[in-house]
Amino acid sequence: MRDVAIIGVGHTKFGRAAKSSLELFSEAALQAMDDAGVTGKEIEALFQGAALPGFEEAQVMPAAFSAAELNLGPIPATRYEGACASASVAIRDAVMWVASGDFDMVLAGGVEKALSMGTAFATRTFAMSCHSPTEGPVGLTFPGVFAMAARRYAVEYGIPLDELREKMAYVSMKNHKHGALNPLAQFYKKMGELKVEDVLNARMVADPLTLLDCCPFSDGAAALVLCAAEDARRYSDAPVYVLGTGQASGSALSKMEDITKPVSRVQSARMAFKHARLEPKDINLLEIHDCFTIAELIALECMGFFDWGEAANATANGETDIGGKIPTNMSGGLIGKGHPIGATGASQVYWIVKQMRGEAAKGNQVDPVPEYGMTDTLGGDFGTLCHLILGRDRR
Amino acid sequence: MVGVGKTQEEIEKELAKQYIPLSYAEYEEALSNGKLMGLKCLSCNKITCHPMPVCQWCSGRDMERVELSGEGELLTFTVIRVAPEGFEAPYIPCLVKTKEGPNVIGRLELEPEQASQALIGKRVKMSGTYTYKGDKFSGGAHVCPVFKIVEP
């Protein structure tokens, strides 16, 4: 297997888009191709994450039409669906195909137009990635799942729920602070100075999670150009190498041993670390799936950055902010930047690449630039997990 | 007839083999009749519920149908305040660890104002069912168990 590099990245503004999904993806893809200095003629395959296009624009098979829209020719173009992890599993497979030697240069990424669905219908369609037979009739929602996890987390670690809610609020405050500094974020220049009380007193969505514990519905797209590592320097002065990938699957919520320690997340992260021959202590920067404040804490623990039950205190103490032990979601994360679900994994990679080039927004850019970065993307209620470890050197 | 190929009878016989020891439709029908049904594994003796084609603990294929007591412990819950299309908030999804072993997801029969963290760990018992009328995506109506707190 060959090493694989990212040589170009693109990212639309997240939020409410007047453009169609095809246009959003084209915009991100053309940015990525321009960034890499390649033309459509060089792209041999397209790997596109898109979770709910059938409900958003009555469009299935969007990848083929995206390839057509970009005049990429009759290349293989495949839609990947892993709910909110759709783009990450698309990127992971793109990496595998280039690593195998079947393709030398491919386009990968994702797109979603979820905000346009409106809250009630978006909540309905998002809930479709819960286990439909058992969680469907209950009327479980994603905020509901993580609200249940938060209550369980409080019990497991003996933290009074009110105290946990205050600590969870720091995730929202941090991610909104960085989202407010990110011109591509849905909440750019908004809510950059939240206080604990603002989060606690916002409208209750699923008790104990308020609106400010939750990421928004969003429209947007992000894309990457990947090629064989040995060719990367021909296109880019600062290629970023994919050093490790992991993916794992979960089950219905009721079959999980412990919803505060999802096995799928632990396994996927371990797979990526093993593949990269790295450990959590080697990683300088994280972009992780903070769909809800509690989700960021669970992710940090599952990935091994903090011991079980320690991430809440660590976050409240600033250990996951810039200058802390492990800066996390300096793009604003899903909470501050927005969460067009099919695009999120590609957006996470985009921001790690930008950070490694020293091109993130001031206030969000870590200094010195990170050597190693890692993404964590979650689909459904722990149903699909994917991790990518990136580095500035090929090793 | 000679040569390669199987007879229609042979193929039909293969088709007749059963792989689903307790279907969802049967599970839901039992729920509607007030019964929480599961499957007892003849290899590891543990109970699978909701039903699966294989034992949820050991992947065993030999399982027999059993009725669960409907009793258990409240593991966690939430009060949904923003509902998806087709549902009306507030309502209380919950996760219950049954006396027989497996966890079951359902709803908690309780006034939302009374839903406090102190309820976690309390004993619950299945008290009925909730029927979701379904929408154009759900493949018809579906049923889930409803639990109530039985420990003060």
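Here is a yes/no grid of residues against (1) out of contact with any Phe, Trp or Tyr (no Cβ under 9 Å at 6 or more places or on another chain); (2) closer than 26 Å to B:Tyr132 by Cα:
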{"site": "B:Tyr19", "(1), (2)": "yes, no"}
{"site": "B:Glu28", "(1), (2)": "yes, yes"}
{"site": "B:Cys41", "(1), (2)": "no, no"}
{"site": "B:Trp57", "(1), (2)": "yes, no"}
{"site": "B:Glu64", "(1), (2)": "yes, no"}
{"site": "B:Ser69", "(1), (2)": "yes, yes"}
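Restricting the first member to region A:92-105 and to residues that are basic (Lys, Arg), and the second to residues that are in a helix (DSSP H, G or I), no beta-carbon pair is closer than 7 Å while six or more apart or on different chains. Kindly establish whether A:Glu319 is without any contact (Cβ under 8 Å) to a residue 60 or more places away in the chain, touching a Lys or Arg at 6+ places or on another chain (Cβ under 9 Å) and either polar (S, T, N, Q) or open to solvent by 10 Å² or more (accessible area, probe 1.4 Å) (or both). Answer is yes for this residue. Could you grab me the full set of residues in region A:63-92 that are open to solvent by 10 Å² or more (accessible area, probe 1.4 Å) and of a type outside the set (A, V, I, L, M, F, W, C)? Selection gives A:Glu69, A:Asn71, A:Gly73, A:Pro74, A:Pro76, A:Thr78, A:Arg79, A:Tyr80, A:Glu81, A:Arg92. Scanning region A:113-167 for residues that are open to solvent by less than 40 Å² (accessible area, probe 1.4 Å), among the small types (Gly, Ala, Ser), in a loop (DSSP other than H, G, I, E, B) and more than 30 Å from A:Glu23 (Cα to Cα) returns A:Gly136, A:Gly139. Residues of region B:58-104 that are within 8 Å of another protein chain (Cβ to nearest Cβ), aliphatic (A, V, I, L, M) and assigned to a loop (DSSP other than H, G, I, E, B): B:Val82, B:Ala83. Just to be sure, is A:Asp237 in contact with a strand residue (DSSP E or B) (Cβ under 8 Å, 6 or more places away or on another chain), farther than 30 Å from B:Glu100 by Cα and charged (D, E, K, R)? Considered against the rule, which asks whether it is in contact with a strand residue (DSSP E or B) (Cβ under 8 Å, 6 or more places away or on another chain), farther than 30 Å from B:Glu100 by Cα and charged (D, E, K, R), A:Asp237 comes out as no. Residues that are at the interface with another protein chain (Cβ under 7 Å from one of its Cβ atoms), open to solvent by 60 Å² or more (accessible area, probe 1.4 Å) and farther than 25 Å from A:Phe121 by Cα within region B:116-152 are absent altogether. For region A:206-243, residues that are in a strand (DSSP E or B) and either in contact with a Phe, Trp or Tyr (Cβ under 6 Å, 6 or more places away or on another chain) or open to solvent by less than 10 Å² (accessible area, probe 1.4 Å) (or both) total 15. Screening A:Gly109 with (1) over 30 Å from B:Gly139 (Cα atoms); (2) open to solvent by 40 Å² or more (accessible area, probe 1.4 Å) gives one miss only, at (2).
Among the residues of region A:298-313, is any within 16 Å of the chain's Cα centre (by Cα), among the small types (Gly, Ala, Ser) and modelled with pLDDT of 95 or more?
yes
Identify all residues within region A:129-142 that are more than 7 Å from every other protein chain (Cβ to nearest Cβ) and touching a Leu at 6+ places or on another chain (Cβ under 8 Å); write none if there are none. Residues satisfying the conditions are A:Cys130, A:His131.
The values are calculated or read from the model by the stated rules, or taken from the named source; none is laboratory data. The structure displayed is predicted, hence computed values, not measured ones. Because the Cβ atoms are built from the backbone with ideal geometry, glycine has one as well, and the counts that use them run over all protein chains shown. Heavy atoms of the whole protein, side chains included, go into the accessibility calculation; ligands, DNA and RNA do not. Shrake-Rupley method; radii C 1.70, N 1.55, O 1.52, S 1.80 Å.
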